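The values are calculated or read from the model by the stated rules, or taken from the named source; none is laboratory data. Because the structure is a prediction, the values reported are computed rather than measured. All Cβ positions, even for glycine, are placed from backbone atoms using ideal geometry, and neighbour counts span all protein chains on display. We work out accessible area using only protein heavy atoms, side chains counted, and drop any ligands, DNA or RNA first. Shrake-Rupley method; radii C 1.70, N 1.55, O 1.52, S 1.80 Å.
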Amino acid sequence: MNPSPVLLRNYIAGEFVTTKTTFANISPVDGTLIGHVCEADADLVDRAVRAGKAAQQGPWGQYSAAQRAQLLHKIADGIERRFDEFVAAEVADTGRPVHQARTLDIARGVANFRTFAELINQAGNECFEMRAADGSDVFSFSVRKPHGVVAIISPWNLPMLLLTWKVAPAMACGNSVVIKPSEDTPSTATLLAEVMHEAGVPEGAFNLVHGFGPNSAGEYLTKHPDIDAITFTGESRTGATIMKVAAEGVRDVSFELGGKNAAVVFADCDFDAAVAGVIRSSFTNSGQVCLCSERVYVERPIFDRFVAALKQAAENLKIGYPDEDGVNMGSLISHKHRDKVMAYFDLARDEGAEVVTGGGIPNFGDERDRGAYVQPTIWTGLPDDARCVREEIFGPVCHIAPFDTEEEVIRRVNDSAYGLATAVWTRDLRRAHSITRKFHVGMVWVNTWFLRDLRTPFGGVRLSGIGREGGRHSLDFYSEITTICMHP
Ligand SMILES: O=C(O)C(=O)/C=C/C=C/O
């Protein structure tokens, strides 16, 4: 059962701020009240942005890259010190397995701060020499400066991982940040504010406002004229709305949006590894990862065998309480999202899908029946133009289809409005080299999935987003660069 309901506050100019208007934070495991969240109104969001702007003229604006790196390590230390609290908070908000929260979500929170502390410490800038027409030797160099105040709108699927994936480089580059976490997952963002406070982050450098999107904190923040850049992870439709708003004042945007990612399984693959890999890429976090494979293409000679093996593996997944031994899958994030996923389960039947396994709601016979659980689900038999094969569902579900040639599967994988990630399973590395560059996506994994080197560019094409974050790509997005040309 959850501990007594807590009050989650905003954090502005170094102070925790309560508000009269609050909204409920509900457990997706059993529907109980976790706490109340203080909703920031337009005035409070304005105060947060102004605090961020003032911080640029104060001590925070004077920090050197080395000092910012040291502070980021201190923040990472603070998260590590309160690691179990972060795990408990992330699990309470999301219903995910404790094991995942420990090894992925919170561990990546620490890694994100340490990675960008090191990167900003080592980052050099460009310098070029040329001989001018007058015979002088001229050199030109670039210097990095912060944008100023960056709005960070983070999603509910990997709350701590994705929030810190943006906060760390933004602050490493000297920006002030105003974060607006999803209303479904306010807890770890609030804990992060406490860690920032304990680490002595200069007031106004880090600010937190809670609320919703339209007509709430999200909209007030992105529309604020003193926001200099916006980074957002979430649905493509929301990204397009934010992009329109960012156009006012020509603010820079970085979007990591939706996906309808494919897994491609060739007959020569390591069969057991491919089954385990597709189980991971379709059902991790109950399918609530933008990189998950909702489309699986299997070379015809192994198609029937693969479908049978994936069905067996999906039915062996343990669905349950976050802290249950060996649990593989928790609930979805909310009843509202479960309704969306269930609507696709119904649509699939209408579109003529063969339901290989799942397609419904598990019956636990206890309080979890008041949670937001669904069964891991596998379909086959749908045409490529079925809505369930084209639209992002964002649940524990995949559609499997056979293919016969490389050219065919490349065409089918690329026949999508999205372009985020593809996973390819083959032992033939000549083939891997030749086909991976032909997928119109941001990232391709070969014989693995969601294995991340944080120095690499990360992002999508088409409806999957704009820009790349990761390594120096984050430093480029979160900095303004001035080029200086020196003539003797
Ligand atoms: O691993 C990352 O850095 C990342 O951005 C993951 C994104 C997943 C989105 O659902």
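Exactly one residue among SER474, SER464, SER416 is more than 30 Å from VAL178 (Cα to Cα), under 24 Å from the mean Cα position of the chain (by Cα) and buried (at least 21 other Cβ atoms within 10 Å of the Cβ), and that residue is SER416. Would a scan of segment 40-52 turn up a residue that is touching a strand residue (DSSP E or B) at 6+ places or on another chain (Cβ under 7 Å) and open to solvent by 20 Å² or more (accessible area, probe 1.4 Å)? Yes, that holds for at least one residue.
Within segment 152-180, track down each residue that is of a type in the set (D, E, K, R) and within 14 Å of the ligand (Cβ to nearest atom). Residue satisfying the conditions is LYS166 alone. Filtering segment 1-39 to residues that are in contact with a Gly (Cβ under 6 Å, 6 or more places away or on another chain), of a type in the set (A, V, I, L, M) and in a loop (DSSP other than H, G, I, E, B) leaves ALA13, VAL29.
Could you tell me whether any residue of segment 256-264 is more than 25 Å from the chain's Cα centre (by Cα), open to solvent by less than 30 Å² (accessible area, probe 1.4 Å) and either within 16 Å of the ligand (Cβ to nearest atom) or in contact (Cβ under 8 Å) with a residue 12 or more places away in the chain (or both)?
Residues of segment 256-264 that are more than 25 Å from the chain's Cα centre (by Cα), as a first pass: none.
Checked against the condition, which is being more than 25 Å from the chain's Cα centre (by Cα), open to solvent by less than 30 Å² (accessible area, probe 1.4 Å) and either within 16 Å of the ligand (Cβ to nearest atom) or in contact (Cβ under 8 Å) with a residue 12 or more places away in the chain (or both), segment 256-264 yields no hits at all.
Restricting attention to segment 137-161, the residues that are touching a Lys or Arg at 6+ places or on another chain (Cβ under 9 Å) and under 19 Å from ILE242 (Cα atoms) total 8.
When VAL98, VAL138, VAL149, VAL143 are checked against the criterion of being among the aliphatic types (A, V, I, L, M), buried (at least 21 other Cβ atoms within 10 Å of the Cβ) and more than 16 Å from the ligand (Cβ to nearest atom), VAL149 stands alone in meeting it.
Looking only at segment 265-298, residues that are of a type in the set (Gly, Ala, Ser), surrounded by fewer than 24 Cβ atoms within 10 Å (Cβ to Cβ) and part of a helix (DSSP H, G or I) come to 3 in all. Filtering segment 213-222 for residues that are within 16 Å of the ligand (Cβ to nearest atom) and either under 20 Å from the mean Cα position of the chain (by Cα) or touching a residue at least 60 places away in the same chain (Cβ under 8 Å) (or both) leaves an empty set. Taking each residue of segment 75-103 that is farther than 18 Å from THR185 by Cβ and at pLDDT 95 or above and looking for partners that are crowded, with 21+ Cβ neighbours inside 10 Å and of a type outside the set (Val, Ile, Thr) with beta-carbon atoms closer than 6 Å, six or more apart or interchain, yields ILE75/PHE113; ALA76/PHE113. Would it be correct to say that TRP165 is among the aromatic types (Phe, Trp, Tyr), under 27 Å from VAL91 (Cα atoms) and touching a helix residue (DSSP H, G or I) at 6+ places or on another chain (Cβ under 6 Å)? Answer is yes for this residue.
Kindly indicate whether LYS166 is surrounded by fewer than 24 Cβ atoms within 10 Å (Cβ to Cβ) and of a type in the set (Lys, Arg).
When the stated conditions are applied, LYS166 does not pass them.
Cβ-Cβ contacts under 8 Å between residues 6 or more apart (or on different chains), taken from a first residue in segment 321-334 that is polar (S, T, N, Q) to a second residue that is open to solvent by 20 Å² or more (accessible area, probe 1.4 Å) and assigned to a strand (DSSP E or B), are listed as ASN328/ILE319; SER334/ILE26.
Looking at segment 283-328, which of its residues are within 28 Å of THR32 (Cα to Cα) and within 16 Å of the ligand (Cβ to nearest atom)? Scanning segment 283-328 gives PHE283, THR284, ASN285, SER286, GLY287, GLN288, VAL289, CYS290.
Residues in segment 359-374 that are of a type outside the set (Val, Ile, Thr) and either surrounded by fewer than 22 Cβ atoms within 10 Å (Cβ to Cβ) or touching a helix residue (DSSP H, G or I) at 6+ places or on another chain (Cβ under 7 Å) (or both): GLY359, GLY360, PRO362, ASN363, PHE364, GLY365, ASP366, GLU367, ARG368, ASP369, ARG370, ALA372. Within segment 435-488, how many residues are of a type in the set (Lys, Arg) and either in contact with a helix residue (DSSP H, G or I) (Cβ under 6 Å, 6 or more places away or on another chain) or within 13 Å of the ligand (Cβ to nearest atom) (or both)? Within segment 435-488, residues that are of a type in the set (Lys, Arg) and either in contact with a helix residue (DSSP H, G or I) (Cβ under 6 Å, 6 or more places away or on another chain) or within 13 Å of the ligand (Cβ to nearest atom) (or both) number 4. Screening ARG251 against (1) out of contact with any strand residue (DSSP E or B) (no Cβ under 8 Å at 6 or more places or on another chain); (2) open to solvent by 20 Å² or more (accessible area, probe 1.4 Å) leaves a single unmet condition, (1). Filtering segment 101-123 to residues that are over 20 Å from the mean Cα position of the chain (by Cα) and either open to solvent by 60 Å² or more (accessible area, probe 1.4 Å) or within 13 Å of the ligand (Cβ to nearest atom) (or both) leaves GLU118, ASN121, GLN122.
Where residues in segment 421-434 are within 16 Å of the ligand (Cβ to nearest atom) and either of a type in the set (A, V, I, L, M, F, W, C) or part of a loop (DSSP other than H, G, I, E, B) (or both), which of them is nearest to SER254 (Cα to Cα)? Write out each step before concluding.
Start the filter on segment 421-434 by keeping residues that are within 16 Å of the ligand (Cβ to nearest atom), which leaves 421-423.
Checking which are either of a type in the set (A, V, I, L, M, F, W, C) or part of a loop (DSSP other than H, G, I, E, B) (or both) leaves us with 421, 423.
Details: ALA421: 17, ALA423: 24 Å.
Only one residue fits best here, namely ALA421.
Applying a threshold of 9 Å to beta carbon distances and a minimum spacing of six or more residues, or different chains, the list of pairs starting in segment 12-41 at a residue that is without any contact (Cβ under 8 Å) to a residue 60 or more places away in the chain and ending at one that is aromatic (Phe, Trp, Tyr) reads VAL17/TYR11; HIS36/PHE23.
Among ALA205, ALA172, ALA246, which is in contact with a strand residue (DSSP E or B) (Cβ under 6 Å, 6 or more places away or on another chain), small (Gly, Ala, Ser) and either in contact (Cβ under 8 Å) with a residue 60 or more places away in the chain or within 26 Å of ILE26 (Cα to Cα) (or both)?
Working: ALA172 fails: in contact with a strand residue (DSSP E or B) (Cβ under 6 Å, 6 or more places away or on another chain); ALA246 fails: either in contact (Cβ under 8 Å) with a residue 60 or more places away in the chain or within 26 Å of ILE26 (Cα to Cα) (or both).
The conditions single out ALA205.
Taking the condition at positive phi and free of Cβ contacts under 8 Å to residues at least 40 places away in the same chain, does GLY287 pass? No, not satisfied.
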